[in-house]
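Structure below; questions to follow.
Where a number appears in this text, it was derived from the coordinates with a stated rule and is not lab data. Worth saying up front: this structure is predicted, and the values here are computed from it rather than measured. Ideal geometry is used to build each Cβ from the backbone, glycine not excepted, and the neighbour counts take in all protein chains shown.
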Ligand code: SAM
Ligand code: DTB
Ligand code: SF4
């Protein structure tokens, strides 16, 4: 059951969201137990592989170049450092790595080739690999799929009606197209939204209705509470009450019984009791590690203690699906072949020069140039 047939209309969903809290949690917990092991919670680590300097104007985002935030822009990480971070996340109990890039869209360039290689390498570590790289076309989605990508995260963020109040540089329709491209390539879809941006409850329900309308709703639905970052247009938004997170998690759980509902950004503002109610109401995953993409998150040890207190168990990778197979990427292979050839040619030219008595000039100081 992808969508719960009991809830078809916006009004039915609004009534559900506004139900007495414990009734709502009970209904969600009952459904959660029918479709999932309630003790298992997936720990997923986020890694910002390319940070800041983004051209978009998403009002919540500290990585948009146009806002004056403390985020320092960094170019794409190297494949080696991504592997190191992935191993570290795995050693701390994470079964999924989500790599995020502050891009408007994927471009067919060397950086993307490197991302393809990152996906291959992390998949080889036996972790579920997720990417969130902005908009992408079908061919790019296929390359990621063949590299071994398990899921693609692309959020709709809010209802179509409220979306324009927060973002103007990308249309809702663009987002739906990217989700469709991931789907067509056979990649599992992770898509959700943010609450606490000043939207009405109707907009939270409007977000969920967008997923109801899809032929296949997402397998994974992250629910983020806005992290209000200084310098962004939403910096003055008051933090939402954790009861709202619980209601949103529960409503999402009831509506999409098979999906993994992710208790995502905003946990530093919640206590263990509030998070416990989210797990009770069907949250099946958290982001683990002391950093989300650029903002703080509870430390691994704090979460380990919470898991102990609540009797939760970290979920193993690929429990509900098979691990994707990595297929060699012809573009990446071709680039590597050309690079190796160029390097060999340079080495040969250098040897030749030495043989002919031309010592390569040693640069000892800037003045000698
Ligand atoms: N640049 C890509 C894109 O926008 O599709 C991928 C990275 S972007 C940071 C991924 C998601 O993080 C956004 O769609 C948004 O839902 C979430 N996000 C970003 N900033 C946030 C914040 N301050 N609070 C909560 N969620 C946030
Ligand atoms: C999602 O829905 N939440 C994550 C993940 N998908 C990529 C991102 C949260 C980012 C919070 C703000 C930051 O740390 O920059
Ligand atoms: Fe750029 Fe993504 Fe941030 Fe929007 S959410 S500004 S696209 S990094």
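Decide, for region 99-141, between rounded, prolate and oblate: order the square roots of the alpha carbon gyration tensor eigenvalues as a ≥ b ≥ c, take rounded if a/c falls under 1.5, and otherwise choose prolate if a/b is larger than b/c, else oblate.
prolate
To continue, here is another question. Angle, helix 79-91 long axis vs. longest principal axis of the chain, Cα atoms, 0 to 90°, nearest 10?
Tilt of helix 79-91: around 40 degrees.
Turning to a different aspect of this structure: Apply the a/c threshold of 1.5 to the C-alpha gyration tensor of region 1-94 and tell me whether it is rounded, prolate or oblate.
Because a/c hits 1.5 or more and a/b fails to exceed b/c, region 1-94 counts as oblate.
Same structure again: Kindly provide the helix-only [θ] at 222 nm of the chain, computed as the sum of -39,500 (n - 2.57) over DSSP H runs of four or more divided by all residues, to the nearest 500 deg cm²/dmol? List each step's numbers first, then the result.
On the way: 12 runs with 153 residues, N = 369.
Computed ellipticity for the chain at 222 nm equals -13000 deg cm²/dmol.
Could I ask something else about it? If you line up the long axis of helix 242-255 against the longest principal axis of the chain, both from Cα atoms, how many degrees apart are they, to the nearest 10?
90 degrees
By per-residue mean of other Cβ atoms within 10 Å, what is the highest-first order of 75-83, 63-71, 131-139?
131-139, 63-71, 75-83
Using all alpha carbons of region 203-250, what is the percent of pairwise distances in each 5 Å bin, ordered from the shortest bin to the longest?
All Cα pairs considered, the percentages come to 5, 16, 22, 21, 17, 12, 6, 1.
Note down the nm distance, to one decimal, between modelled labels 7 Å out along Cα→Cβ at residue 168 and at residue 330.
The modelled label-to-label distance comes out at 4.4 nm.
For region 204-313, what does the alpha-carbon gyration tensor say about shape, rounded, prolate or oblate, given a ≥ b ≥ c as the root eigenvalues, a/c under 1.5 as rounded, and a/b over b/c as prolate?
Here region 204-313 falls in the oblate category.
Any chance you could tell me what percent of the C-alpha pair distances in the chain go past 25 Å?
56 percent
Could you give the semi-axes, largest first, of the ellipsoid that matches region 247-369, computed as the square roots of 5 times the alpha carbon gyration tensor eigenvalues and rounded to whole Å?
56, 23, 12
What is the Cα centroid distance between region 254-305 and region 82-146, reported in whole angstrom?
Here the two parts' Cα centres lie 22 Å apart.
Could I get the Rg over Rh figure for region 70-211? Both from C-alpha atoms, Rh via Kirkwood, rounded to two places.
0.99
Can you work out the base-10 log of I(q)/I(0) for region 73-144 at q = 0.12, 0.16, 0.24 1/Å, using the Debye formula on its C-alpha atoms alone?
Each listed q maps to, in turn, -0.31, -0.54, -1.15.
Hey, what angle do you get for helix 138-147 against the long axis of the chain, alpha-carbon based, 0 to 90 degrees rounded to 10?
Compared with the principal axis, the helix lies near 80 degrees.
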